[in-house]
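**Student:** I'd like to ask you about the structure that follows.
The values are calculated or read from the model by the stated rules, or taken from the named source; none is laboratory data. All values derive from a computational prediction rather than experimental measurement. Positions of Cβ are generated from backbone atoms using ideal geometry, with glycine treated the same way; all protein chains shown enter the neighbour counts. To get the accessible areas, we keep the full protein, side chains included, count just its heavy atoms, and leave off ligands, DNA and RNA. Shrake-Rupley method; radii C 1.70, N 1.55, O 1.52, S 1.80 Å.
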Amino acid sequence: MVFLSILTGLLGLFNYYSQANAMFPFILSLLGQIMIFLLALFARVAFKGTRKKNGYEGYNIWTFPYAITILSLFGNGAILVVFILHQLGYLTHF
């Protein structure tokens with residue numbers, strides 16, 4: 001699932017870059033981002049590894065693979081929110 005998280009993160013960045021440079025129609029990028037976000041959500045839900053380990057002084061910290069999965073999910077969610085706000089007319093960046 002970590003590989004899927006890394007892949008969805010890179011696909012999300014490519015999708016944002018391609019939309020910023022107007023390489024694809026916006027609706028195609030929006031639908032692609034929805035699919036990428038759903039894949040990242042699947043990778044987060046299907047993650048079976050260790051999520052936390054004991055840190056120093058009793059703190060629990062996330063393991064590196066779990067942090068990659070969460071970072072990919074949040075990053076793709078942020079890109080999706082930007083695309084939706086642009087579609088609704090609140091952002092005019094693209």
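**Student:** Among the residues of the range 53-84, what is the count of those that are free of Cβ contacts under 8 Å to residues at least 60 places away in the same chain, open to solvent by 60 Å² or more (accessible area, probe 1.4 Å), under 18 Å from LEU13 (Cα atoms) and aliphatic (A, V, I, L, M)?
**Tutor:** The number of residues fulfilling the criteria is 2.
**Student:** Among what's in the range 36-52 and is surrounded by 11 or more Cβ atoms within 10 Å (Cβ to Cβ) and of a type in the set (D, E, K, R), pick the residue that is modelled with the highest pLDDT.
**Tutor:** Once the filter is applied, the top-ranked residue is ARG44.
**Student:** Looking at the range 15-35, is at least one residue over 22 Å from LEU85 (Cβ atoms), exposed (fewer than 11 other Cβ atoms within 10 Å of the Cβ) and free of Cβ contacts under 8 Å to residues at least 12 places away in the same chain? Walk me through it before giving the result.
**Tutor:** If we filter the range 15-35 for residues that are over 22 Å from LEU85 (Cβ atoms), which is where we start, we get none.
Checking the range 15-35: not a single residue is over 22 Å from LEU85 (Cβ atoms), exposed (fewer than 11 other Cβ atoms within 10 Å of the Cβ) and free of Cβ contacts under 8 Å to residues at least 12 places away in the same chain.
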